[in-house]
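Nothing in this text is a laboratory measurement; each read-out follows from the coordinates by a stated rule. Quick caveat, the model's predicted, so the values are computed rather than measured.
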Amino acid sequence: MPIPLLEIDKLKCPHQGVAILESKIGQVANIQGIPIMDTSASAWAISGCQGFWVGNVKLLCTSITNPHACKADKFKVLGKFVADAEKVDKLKTDKGFSVTLPNPYAKPFVKR
Ligand SMILES: [Zn+2]
């Protein structure tokens, strides 16, 4: 059973940046009023990346470029594919880094 990714989940790049989760198609459903994320966006912006140095150039992650990668294959809500918090390890920032989500908010609501 997938764990839905919610709008308030804090996906982080390795440099303390946090993704701003947004939907292109609007809210599909919610858990206790908190929107469940779908994978319709072409990218999710990242805010607050502290960056890293390549030579004397500082680079920042500015987005997650592949939201579709965390689509759960057989997990739809109201006919729409939603994002699976257990697949966030497949997401990459625009600088090629993986992101992490230590505590998916919806986890306690998903019965196993
Ligand atoms: Zn970063």
Amide H neighbours of Ala72 under 5 Å, counting only residues 5+ apart in sequence or on other chains, H built in-plane at 1.01 Å? Val82, Asp84
With N set to the number of residues, divide the alpha-carbon radius of gyration of the chain by 2.2 N^0.38 Å and report two decimals. 1.07
Skipping prolines and chain starts, which residues have an amide H placed within reach, meaning under 5 Å, of the one on Met37, given they are 5 or more residues away or on another chain? Leu5, Leu6, Glu7, Ala83
Quick check on region 51-112: what are the equivalent-ellipsoid semi-axes from the Cα gyration tensor, as sqrt(5λ), descending, whole Å? 30, 14, 8
Apply the Karplus curve 6.51 cos²θ - 1.76 cosθ + 1.60, θ = phi - 60°, to the phi angles in region 30-35 and return the couplings in whole Hz, x for Gly and Pro. 9, 10, 6, x, 9, x
What percent do you get for the relative contact order of region 18-97 when only Cα pairs under 8 Å and 6+ apart count? 28
Excluding same-chain pairs closer than 8 in sequence, count the lysine pairs in region 18-97 whose Cα atoms lie under 25 Å apart. 25
Expected vector for region 17-27, Karplus 3J(HN,Hα) from phi with 6.51, -1.76, 1.60 and θ = phi - 60°, integer Hz, x for Gly and Pro, equals x, 10, 6, 9, 7, 9, 9, 8, 9, x, 5
How many angstrom separate the Cα center of region 83-112 from the Cα center of region 14-35? 12
Go through region 7-14 residue by residue and turn each phi into a ³J(HN,Hα) via Karplus (6.51, -1.76, 1.60, θ = phi - 60°); whole Hz please, and just put x for glycine and proline. 4, 8, 5, 9, 6, 10, 7, x
